[in-house]
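This report concerns only the one structure given below.
The values are calculated or read from the model by the stated rules, or taken from the named source; none is laboratory data. Please read these numbers as outputs of a predicted model, since none were measured by experiment. Cβ: placed from backbone, ideal geometry, glycine included. Neighbour counts: every protein chain shown. Calculation scope for accessible area: heavy atoms of the full protein, side chains included, ligands and nucleic acids excluded. Shrake-Rupley method; radii C 1.70, N 1.55, O 1.52, S 1.80 Å.
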Amino acid sequence: MQRNIRNPAVAGAFYPADPSELNTLLAELFEKTSQPSSQPSPKAVIVPHAGYRFSGRVAARAFSTLEGQHIRTAVLLGNAHAALFDSIAIDPHDGWRTPLGTVPLDKMMRIRLIELDPTLYHQSDIAHQRDHVLEVQLPLLQHALASGFKILPVLFGQNPAGTYWQCAEALLSLLSDDDLLIASSDLSHYPTYHDAQAIDTRTLEHLVELDIQGLEQHEQEVMQRRIPGLETVFCGPDAVKTVLEIGSRLGWKGKLLSYRNSGDADQASRDAVVGYGAVMFTTH
């Protein structure tokens, strides 16, 4: 019996802790995002990580492209939000528990990734213990995918520019056709509703085009404008750029699936919002 299990940190806050309530909510979110069966299967998705009330519909739109599919390992990529550390933290547990059950970690991929560069990758319980950016993706995956998949949770800490390139290089040597990449990132933080729409529209265009250089230039230009309330253009830079780098090398095609911001939620303020986008990448 597995004993080295990470228990959920944000169940009851970002999503329901009760299994029945969670299943009902997930069914509603996925029903609202139903899509044609001819939709190609993604190799990677970029999805938001706020509470399901705000970003659940957008995230479900991405995960609905995976419904019923068999995936070997879902590599969860994010930038740390709850701990400060250097390099890249790999979760050390045997599995992650949610109200829907426990998903095992791909321990072999974890070992192989660390062996590629022990100075860059390290195991850290503390880095993952309280962070929500990867955890909130797991119930959505459990709802969408066929059972039997594993996960590899990867969090970027404080790193020099270009670290994403090293991570992309390593993952390219490990990934199989049966694996899935998930980059967890929200978009603009705390501008007004209409400013967010303008900023995020351009951000998403660069994501779909797999254009890292254009994305970085857009981010720099937007921040220089000192837009009221704006704190960041997107909060998962290393995770997002890792996916874009891999996709660029493999010739993937990007597609925007959904966009909203927190101002679209019922009774939510539009004075200071957070943007949410879902993008998928396919081989054709």
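Tabulated results
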| item | result |
| --- | --- |
| Boolean, LEU26 is assigned to a helix (DSSP H, G or I), more than 28 Å from LYS241 (Cβ to Cβ) and open to solvent by less than 10 Å² (accessible area, probe 1.4 Å) | yes |
| Whichever residue in region 81-101 is aliphatic (A, V, I, L, M) and in contact with a helix residue (DSSP H, G or I) (Cβ under 6 Å, 6 or more places away or on another chain) and, among such residues, is farthest from TRP165 (Cα to Cα) | LEU100 |
| Qualifying positions in region 182-191 - in a loop (DSSP other than H, G, I, E, B) and touching an Asp or Glu at 6+ places or on another chain (Cβ under 7 Å) | LEU187, SER188, TYR190 |
| Test for ASP179: is it open to solvent by 20 Å² or more (accessible area, probe 1.4 Å) and in contact with a strand residue (DSSP E or B) (Cβ under 6 Å, 6 or more places away or on another chain) | no |
